[in-house]
Amino acid sequence: MSTSVSMNPEHRMGTPSYVRVLVDRVIRRELDYSVPENLAERVGVGSRVRVPFRDKSALATVVAVLDESNVEGIRPIEEVIGQTPVLSEQLLELSTWVSVYYCCPIETVMRSMLPQVIRRAEVGWKKQLFVQPARNIEAEEIEKLHKRAPRQAELLEAITKLEKPIRAAELLRQTALDNQTLRALVKRGLAELREEAIIRDPHGDEQFIATSNLVLNEEQTHALNEITQALDSPENARPILLHGVTGSGKTEIYLQAIRAALDRGRTAIVLVPEISLTPQTVERFKGRFAESQDAVAVLHSHLSEGERHDEWHKIHSGRARIVIGARSAIFAPLKNLGLIVVDEEHETTYKQEEAPRYHARDIAVVRAKIEKCVVVMGSATPSLESYHNAAIGKYRLVTLTQRVDEKQMPLMRIVDLRQERRKEKKATILSEKLSQAIADRLEKREQTILFLNRRGFSTSLLCSNCGEARNCPNCSVALTFHQHSLQGGSSRRGETMSGRLSCHLCGHTAAVPKKCPACGQDALIYYGFGTEKVESTVAQIFPKAVVCRMDADSMTRKEAYRETLRNFRTGKIDILVGTQMIAKGLHFPNVTLVGIINADLALHLPDFRAGERTFQLLTQVAGRAGRGETSGEVFVQTYTPFSPSIQFARHHDFAGYFQQELEFRERCDFPPFKHAILITARSAHQGRAKLSAETLKRRLKEALPEEFILGDAAPAPLEKLQGQFRYHILIRGEAIMRLSRLVRETLDKLPLPEDVTVTVDVDPYQLL
Ligand code: ADP
Ligand code: ZN
């Protein structure tokens, strides 16, 4: 489907004589320019402009419009990009906040806030030709033409019957006539072609089945009421944390809350983690608001530049009133924003791991404050930060304790791998109990999910003679052995060890050596295991079962993902083995068993969130079991059966878990009690990286008041990454804005060797 659009400016603008701009390339410096008369009409706060800068020209954003300026020798702006300002004043304010809080230049913020196609105005509208009659055409005229040129007459007849202009391509398809015929008619002055912009809609060809509101249960009704009350007086509303077990009907609440926002003439943003931005999710939202195809815009990282351009304009022009998207959709240029929903608010994919290193959930809260709108954060396993904010009254906590279908939470069984090891004398992949349970499911024709958060076949290749492991030459990690080519899909049994070694951090690959390259002995052993090995082990034990693996290696094609999910849904697959890709948000009624192959993987990372992540993961994965008629069972295999994350998850005891974890964090001055800033100095030259980190640490010691806890410059847990040596400095404190500013000032004054890069990560999630 395509829609034609008007590109006339709809905004009233003054006629500014001067503007103050932020040049993309300069850090935190505002410059004044004059505005030539012919451009004045189109300039306003939030406009993107091209300005002369030094001896070149540069892109910039207008932050203020001035009547006068006392800058001497002021120069005029060269060009205005777009017809109307691209940033609202609220978004401009937000960009400044992001830049200060996350300690990064405004240019980097602009890069996240505006898609490249808009920022630099490189891609335009897709234009298409529309046909209409050139004038009023009589029937005799067509008849006369018929004798000389029957095909032209036929086409002309079709054109005269049109109620409105039609796309030329569409007309030719309908009439089965060719372009030459059409051109001839135009030449005769009988038909007219007009160029019009059309929208590239990635979902344009799909039909969405309209759905209507479900009747909410008591808990849902209460939750929705809280949200609508907030919508009615957003000035005094606190952010709402919706803590509801998986399957408690949170999404239905979002849908009805959005409807309530639209009814009040407002717009809405829904953030979902990229990984759950699946066709099903999009369908649910498009379906509910199907009355107008344009109402819902979808933003994700797979859009083409052209599609991104069009979706952005659809939002900016006000035609789209709901935006659903991953992280960066928090910057969507909706006007009159009424509601922001952050689904699965605990997800770490909301944190961007490159500058600007922002957290979309936290930005949602700030944007809501600026725009005076309501923000709802939902999760079955809220982050400790959000839960703490609710506990101290900054957020309003709303809980859903029941599944909609009144299903029991699945039964969690802990398998002590230490005992298994004593029995088997080697690392267990499938314990006897889990094996039994799988066999039982196969018999009953029910499905199983096996979860292991590690790809590959063996996690390392060791020499049993000299102890040397095959490490990545660029990173300080062992290379993982992959048995299949990295595109393989379902299991192929009986294959020999013919694969390759690969680094999961930098992608380096190497052939598998026959002998140990260090000592020359034929003593190499494969050690540790990943999803590939689980898949092949399961296939060996259950030769009749259909086993499929779903991880980043087997799902390199986008269709592979959909295909596998469809096959699983329709029961063609008995056992699905996978990484976190399968842990999130998927609904499979016939899955009654979930096995967590090794719950300890995340638990022993040098990261203060390790326990929290394990708890969340267990709870989320467990939520996959027993959504249908039969209740589910979860087997958790672990070497540390008594760790709190595992025990609390086992009893579905959120409050208990949060309580003890918060005590631990407070005792150790970790978030959410203190903010953290992680500074990394890296260089291919180890000595210079180390020296720079140490110098920086000394300067920070001088600059920072006592209240901030300044750690030593120390090698990062992952000391070498992609050929670069890395040193960390961790700072903690409460007054984060002040700390950010002091860190930035200290860094600005510190000259660094050219080959040393320093990055600043505020509220870091990646501590390795
Ligand atoms: P969550 O987002 O909390 O995991 P969902 O909103 O996806 O839960 O709801 C789980 C299932 O229950 C969905 O299939 C949904 O359509 C259905 N559902 C939600 N609310 C209701 C309701 N009030 N009545 C009937 N079915 C509901
Ligand atoms: Zn590597």
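Brief remarks follow.
- In order through the range 174-183: 3J(HN,Hα) via Karplus (6.51 cos²θ - 1.76 cosθ + 1.60), integer Hz, x for Gly, Pro: 5, 8, 6, 10, 10, 4, 4, 4, 5, 4
- Residues in the range 380-389 carry Karplus couplings, in order, of 7, 9, x, 5, 4, 4, 5, 4, 5, 4 Hz; the curve used is 6.51 cos²θ - 1.76 cosθ + 1.60 with θ = phi - 60°, and Gly or Pro positions show x.
- Residues of type lysines that K674 reaches as a straight line, Cα spacing below 25 Å, ignoring anything fewer than 8 places off in the same chain: K351, K369, K394, K697, K701
- Cα gyration tensor category, rounded, prolate or oblate, for the range 394-483 with a/c compared to 1.5: oblate
- Taking label points 7 Å from Cα along the Cα-to-Cβ direction, S276 and K426 give a separation of 3.9 nm.
- Sorted by Cβ density within 10 Å, fewest first, the residues K56, K701: K56, K701
- Working from Cα pairs under 8 Å separated by at least six residues, relative contact order for the chain is 11 percent.
- Neighbour-count ranking [beta-carbon atoms within 10 angstrom, fewest first] of M555, M737, M581: M737, M581, M555
- Based on C-alpha pairs under 8 angstrom that are at least 6 apart in sequence, the range 588-656 has a relative contact order of 44 percent.
- 5 angstrom amide H check on A58, placed H, neighbours 5+ away: V51, F53
- The H on the amide N of C506, modeled in the peptide plane, is under 5 Å from the matching H of no residue at least 5 residues off or on a different chain.
- The chain - mean residue ellipticity at 222 nm from DSSP helices (-39,500 (n - 2.57) per run, n ≥ 4, rounded to 500): -9500 deg cm²/dmol
- Sorted by Cβ neighbour density within 10 Å, fewest at the top, the residues D607, D574, D232: D232, D607, D574
- Anchor K514: lysines whose Cα lies under 21 Å away (excluding residues fewer than 8 positions away in-chain): K533
- The range 331-399: C-alpha gyration tensor shape, a/c 1.5 cut-off, then a/b vs b/c: oblate
- Normalised contact order of the range 135-189, rounded percent, pairs of Cα under 8 Å and 6 or more residues apart: 34
- Rounded, prolate or oblate (a/c below 1.5 giving rounded, otherwise prolate when a/b exceeds b/c) for the range 218-406 by Cα gyration tensor: rounded
- Each of the peptides 323-336, 104-117, 750-763 was scored by the mean count of other Cβ atoms within 10 Å over its residues; in descending order, highest first, they stand as 323-336, 104-117, 750-763.
- In summary, the aspartates and glutamates within cross-link reach of K444, defined as a Cα separation below 12 angstrom excluding same-chain residues under 8 places away, comprise D574.
- Database remark: amide H of T267 closer than 5 angstrom to the amide H of L337, G338, L339 (H placed geometrically; neighbours at sequence offset of 5 or more, or on other chains; Pro and chain starts carry no H).
- For the chain, the longest principal axis of the Cα atoms and the long axis of helix 89-101 meet at an angle of about 30 degrees.
Every number here is computed from the coordinates shown, using simple stated rules; none is lab data. Being a predicted model, the structure only gives us computed values, none of them experimental. Counting neighbours? That spans all protein chains shown, and the Cβs are built from the backbone with ideal geometry, glycine included.
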